[in-house]
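The values are calculated or read from the model by the stated rules, or taken from the named source; none is laboratory data. All figures in this text were calculated on a predicted structure; none of them were measured in a lab. Here the Cβ positions follow ideal geometry from the backbone for every residue, glycine too, while neighbour counts run over all protein chains shown.
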């Protein structure tokens, strides 16, 4: 069975409209000729006097019939034009609905992928905070060098991180995994959102996270930082000794997701795939534009997902983060903006 697309219906509707218009034009042309012939016949009948009286009756009947045919054709033209216009709108709406539904699915897929990725980051930081080297260094600064080596070993196995920082309770970085790249030891980050939030966590089973930002201590790299407390004996309910922050290398991971959305090559040229935070700030873009600078005004109208016409022949589809496992997400959206072909 041949697959029929909405675009096929639109094309056939356009052809039907063209054929109907041509045929109605032909009918009007014929009725116009009949009226002219009837008029000429009436003129000749008048010239013929009584001899042309019978012919005049026939000519008048022809004129009346041509008028009736023209009236019928006008009614038909108006009705067909109205119905074809309705059909065109319905097929366009159907095409827009199908396009929107597909783009919503793609937007959800993008945000789900990043949620699953970041869920693992929440597990990593809570696990590594219980490492004996972290606990020892946080309780006794003599062990800082060992903690740095241990963090370096972790980084060698997990390439998605830029650096890992162990901080004391005053926000001073006392160890990091890549001192050869990031000379941050001794820097104070007590004003950082992730540190402040982690400092307030009740147990080691919880984690803190900050929005995507460009960190100057990491040479301006875009990072998603997850943090939790390092506690006595590595016990989740132990006394808070320090804070471990892990800096997820956001840009390449986010780029791979936005650029990896299933689109044809033709679609890619007219489509923008985005991830935006809860405030609408663009945190990832398939075209690389506006990241951490452009604010997107999403018209969600309170909906977790949907689509709308956002410009001339342009559709915007969005999907709120559904979260993953114990990670509820940060109110981010997957967004796809696509221009019509």
Answer yes if at least one residue in the stretch 200-220 is without any contact (Cβ under 8 Å) to a residue 12 or more places away in the chain, surrounded by fewer than 19 Cβ atoms within 10 Å (Cβ to Cβ) and within 21 Å of residue 275 (Cβ to Cβ), and no otherwise. yes
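Of 273, 246, 184, which residue is modelled with pLDDT of 95 or more, assigned to a loop (DSSP other than H, G, I, E, B) and either over 29 Å from residue 323 (Cα atoms) or under 32 Å from the mean Cα position of the chain (by Cα) (or both)?
Numbers: 273 fails: assigned to a loop (DSSP other than H, G, I, E, B); 246 fails: assigned to a loop (DSSP other than H, G, I, E, B).
Exactly one of 273, 246, 184 is modelled with pLDDT of 95 or more, assigned to a loop (DSSP other than H, G, I, E, B) and either over 29 Å from residue 323 (Cα atoms) or under 32 Å from the mean Cα position of the chain (by Cα) (or both), namely 184.
Would you confirm, using the coordinates I've provided, whether residue 186 is at positive phi and either surrounded by 18 or more Cβ atoms within 10 Å (Cβ to Cβ) or without any contact (Cβ under 8 Å) to a residue 60 or more places away in the chain (or both)? Quick ask: steps written out before the conclusion?
Working: at positive phi: yes; either surrounded by 18 or more Cβ atoms within 10 Å (Cβ to Cβ) or without any contact (Cβ under 8 Å) to a residue 60 or more places away in the chain (or both): yes.
The answer is yes for residue 186.
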Determine the pairs where a residue that is free of Cβ contacts under 8 Å to residues at least 12 places away in the same chain, located within the stretch 142-156, has a partner that is part of a helix (DSSP H, G or I) and surrounded by fewer than 20 Cβ atoms within 10 Å (Cβ to Cβ) with Cβ atoms under 7 Å apart, the partner being 6 or more residues away or on another chain. 143/136
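Within the stretch 130-150, take every residue that is over 15 Å from residue 243 (Cα atoms) and surrounded by fewer than 18 Cβ atoms within 10 Å (Cβ to Cβ) and give me the one that is nearest to the chain's Cα centre (by Cα).
Going through the stretch 130-150, the residues over 15 Å from residue 243 (Cα atoms) turn out to be 142-143, 145-146, 149-150.
Imposing the further condition that a residue be surrounded by fewer than 18 Cβ atoms within 10 Å (Cβ to Cβ) reduces the set to 142, 145-146, 149.
Details: 142: 50, 145: 45, 146: 45, 149: 42 Å.
That would be 149.
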Would you please list the contacts, defined by Cβ atoms under 7 Å and residues six or more apart or on different chains, that run from a residue in the stretch 280-292 that is on the phi > 0 side of the Ramachandran plot to a residue that is outside any loop (DSSP other than H, G, I, E, B) and crowded, with 20+ Cβ neighbours inside 10 Å? 290/282; 292/222; 292/283
Please enumerate the residues belonging to the stretch 258-283 that are more than 13 Å from residue 224 (Cβ to Cβ), in contact with a helix residue (DSSP H, G or I) (Cβ under 8 Å, 6 or more places away or on another chain) and buried (at least 18 other Cβ atoms within 10 Å of the Cβ). 258, 261, 263, 273, 274
